[in-house]
Amino acid sequence: MSDPNAVIKQLLYQQSGYWLAAGGATLLIYDWLLCLDREVQYIWKARWSFGKVWFVIHRYAMMASVIGVVY
């Protein structure tokens, strides 16, 4: 049978990882909200270009992956 202290230690490490991921997701959403007005002005109102596609893919792929890790 496994050592109860080792199991508790592993659960604490796992819980710490969840809290760190939730904190990272919170910072990402906070950054998105701070920049949303400028993003609408400079990105969404601009015509489609390689730079716009690159920005949108990376911006929202990162957000989806971080939220996916948290949940």
Given (1) assigned to a helix (DSSP H, G or I); (2) open to solvent by 60 Å² or more (accessible area, probe 1.4 Å); (3) modelled with pLDDT of 90 or more; (4) not hydroxyl-bearing (Ser, Thr, Tyr), identify the lone condition not met by ARG47. (1)
Condition check for LYS52: open to solvent by 90 Å² or more (accessible area, probe 1.4 Å) and not hydrophobic (A, V, I, L, M, F, W, C): no
With (1) open to solvent by 80 Å² or more (accessible area, probe 1.4 Å); (2) in contact with a helix residue (DSSP H, G or I) (Cβ under 8 Å, 6 or more places away or on another chain) as the list, and LEU27 as the residue in question, which single condition is left unmet? (2)
For the range 11-51, give me the residue count where each residue is over 16 Å from the mean Cα position of the chain (by Cα) and over 14 Å from MET62 (Cβ atoms). 20
Go through (1) open to solvent by 60 Å² or more (accessible area, probe 1.4 Å); (2) at pLDDT 90 or above; (3) not hydrophobic (A, V, I, L, M, F, W, C) and name the single condition TYR18 misses. (2)
What number goes with the only condition from (1) at pLDDT 90 or above; (2) within 11 Å of the chain's Cα centre (by Cα) that ALA64 does not pass? (1)
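The values are calculated or read from the model by the stated rules, or taken from the named source; none is laboratory data. None of the values given here were measured: they were computed from a predicted structure. Positions of Cβ are backbone-derived with ideal geometry, glycine not excepted, and every protein chain shown enters the neighbour counts. In case anyone asks, the SASA skips ligands and DNA or RNA and just uses the protein heavy atoms, side chains included. Shrake-Rupley method; radii C 1.70, N 1.55, O 1.52, S 1.80 Å.
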